[in-house]
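**Q** The structure follows.
What follows is calculated from the coordinates using simple rules that are stated; it is not laboratory data. Since we're looking at a predicted model, the values are computed, not measured. Reconstructed Cβ throughout: ideal geometry from the backbone, glycine too, with neighbour counts over all protein chains shown.
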Amino acid sequence: MSLRQRLMPLVAKLITSERLQQWRRAFRESRRKLQRRPHQAVFYFRIDDPYSVLMAQVLPRFARHFGITITPRVMLYLDQQMYPAADMLEELAPRDATQLARLHDLDFPHNWQLPPREVSLAATRCLLKHEGDERFWSLAAALADALWRNDHDRLEDLLTEHGQMPADRAQLALEARRDQFLKDGHYLTGTLHYEGEWYWSVERLDHLAHRLNDLGLGSADWPLPYGRAKRARLKDVPEGLKGKPLVLFFSFRSPYSYLALARTYAMADHYGLNLKIRPVLPMVMRGLSVPKAKRFYILKDAAREARLHRVPFGKVCDPVGAGVERCMAIWPFAEKEGRLREWLRAAATGIWSQGVNAATDNGLKFLVENAGLDWNRARRWLDDDSWRDRAEDNRNAMMAAGSWGVPSFLTEKTMVWGQDRFAVIEQCLLASQADDKD
């Protein structure tokens with residue numbers, strides 16, 4: 001084992017530690033007071049991004065409740081290397097936003113239409129002109145509604161009334177902002193930045209709300225249950241749900257897949273669902289790039305989500321390559337033994353919280369035995385490559401259903417992406433059961 005591999009779990013544990021996070025926050029707060037600055041956050045808004053549209057509806061109330069200032073920063077252009085399946089995200093995001101809007105009682109048109117780039121640019125130039133105005137939020141809401149409803153007459157009226165930044169100035173500003181955004185450490189619009197930390201979408205505002213509460217700002221009676229989508233309510237079980245299918249697409253290299261396991265098992269067991277687990281290779285082993293800045297953000301974000309859900313996390317040994325392949329090779333054996341759930345839990349726990357190197361025999365043996373499997377029988381499966389065809393079938397099924405990343409969940413009618421969407425999955429399951437009655 002190389003020195004880098006030995007050090008990796010210790011470095012990851014330091015980067016993701018709650019103590020280091022608390023120290024950074026205390027340092028930032030002390031510096032803010034010393035400089036006599038107000039509590040101020042920056043919101044990165046992109047009008048053709050559904051998550052930005054939802055956040056823009058939520059943030060004015062958020063700012064008033066906690067007594068902070070939120071400065072909008074209008075964006076449009078993105079670094080494409082951060083979006084390995086941009087065309088699929090373009091279709092998935094508005095569907096996801098429609099479900100989140102229903103959950104949080106926000107507005108996003110059910111009959112949405114993807115906006116053409118030139119129309120988005122025109123609306124963006126209007127917002128750039130009014131970025132510093134108090135009416136920015138109401139104007140952003142009106143433009144976004146017209147844009148996503150494909151209401152050209154309403155959009156033209158708004159542009160005529162409010163005007164636009166000149167095209168050449170807007171172009172330069174948007175390109176510079178795209179480049180600076182990456183240098184500042186992020187890549188997703190619909191994101192809020194406050195004193196060194198990033199909060200993407202309504203489902204991360206709970207972390208910021210807790211942080212501001214700890215500073216004595218606002219009250220615990222938040223305007224919205226931020227982060228509500230992360231947990232299913234696990235209501236009374238309708239008879240019609242028992243035996244309904246739920247598919248989980250899972251990757252051993254995805255921290256979010258690991259974080260989703262316990263809640264997936266709990267939901268499947270509560271509702272008596274037929275849970276089918278379909279492992280896939282990680283994006284980087286499927287030819288999709290995951291830049292360093294993106295990996296770094298994901299690691300820190302997964303750490304705070306793990307603390308929220310009380311899941312052990314931090315001492316990480318990246319299994320990419322041989323580690324993933326060996327875990328995948330054990331998958332058919334664990335399935336045959338009726339212990340696939342236990343295998344996923346044991347392997348993911350070892351990789352993401354215990355620093356176990358699955359690429360070594362000692363590491364893999366530790367994981368296998370923790371899953372209640374026999375190592376001598378399991379190791380024979382390491383020479384069997386038949387899992388590769390099954391993994392490719394799983395990938396194709398996931399892509400055909402409309403997702404490219406994990407964890408993804410497929411009900412009878414809906415694909416849902418993300419470990420922070422369990423309330424949405426539950427919503428879809430209950431809706432399908434109600435439809436069956438009609």
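**Q** Starting at 0 and stepping by 10 Å, how many percent of the alpha carbon pairs of the chain end up in each bin?
**A** Spelled out bin by bin, the chain gives 4, 19, 29, 26, 16, 5, 1, 0 percent.
**Q** Placing unit charges on C-beta atoms (Lys and Arg positive, Asp and Glu negative, everything else neutral), compute the dipole magnitude of region 239-437 about its Cα centre in debye, rounded to 20.
**A** Dipole size: approximately 540 debye.
**Q** Could you check which residue among Lys13, Lys300, Lys183 shows the biggest mean-square fluctuation in a GNM of the chain with a 10 Å Cα cutoff?
**A** Checking each option, the largest mean-square fluctuation is seen for Lys183.
**Q** Decide, for region 259-335, between rounded, prolate and oblate: order the square roots of the alpha carbon gyration tensor eigenvalues as a ≥ b ≥ c, take rounded if a/c falls under 1.5, and otherwise choose prolate if a/b is larger than b/c, else oblate.
**A** The shape class here is oblate.
**Q** Which residue, Val284, Val53, Val424, tops the fluctuation ranking in a GNM of the chain built on C-alpha contacts under 10 Å?
**A** The residue with the greatest mean-square fluctuation here is Val284.
**Q** Region 154-217 to region 304-333: how many Å between their Cα centroids?
**A** Distance between centres, Cα-based: 32 Å.
**Q** Can you give me the convex hull volume of the Cα atoms of region 13-54, divided per residue and expressed in Å³?
**A** 118 Å³
**Q** Work out the charge dipole of the chain with +1 on the Cβ of Lys and Arg and -1 on the Cβ of Asp and Glu about the Cα centre, then indicate which of Val119, Ala26, Trp198 is farthest towards its positive end.
**A** Ala26
**Q** Another question, then. Using Cα springs under 10 Å in a Gaussian network model of the chain, which residue among Met75, Met415, Met88 shows the largest mean-square fluctuation?
**A** Highest fluctuation of the listed residues: Met88.
**Q** Still on this model: As a check on your grasp of the helix formula, calculate [θ] at 222 nm for the chain: sum -39500 (n - 2.57) over DSSP H runs of n ≥ 4, divide by the residue count, round to the nearest 500.
**A** -17500 deg cm²/dmol
**Q** Only bridges whose two residues both fall in the chain count here: according to DSSP, what percent of them are antiparallel, nearest 5?
**A** 50 percent
**Q** Is the shape of region 261-419 rounded, prolate or oblate, going by the alpha carbon gyration tensor and its root eigenvalues a ≥ b ≥ c, with a/c under 1.5 for rounded and a/b larger than b/c for prolate?
**A** Verdict is rounded for region 261-419.
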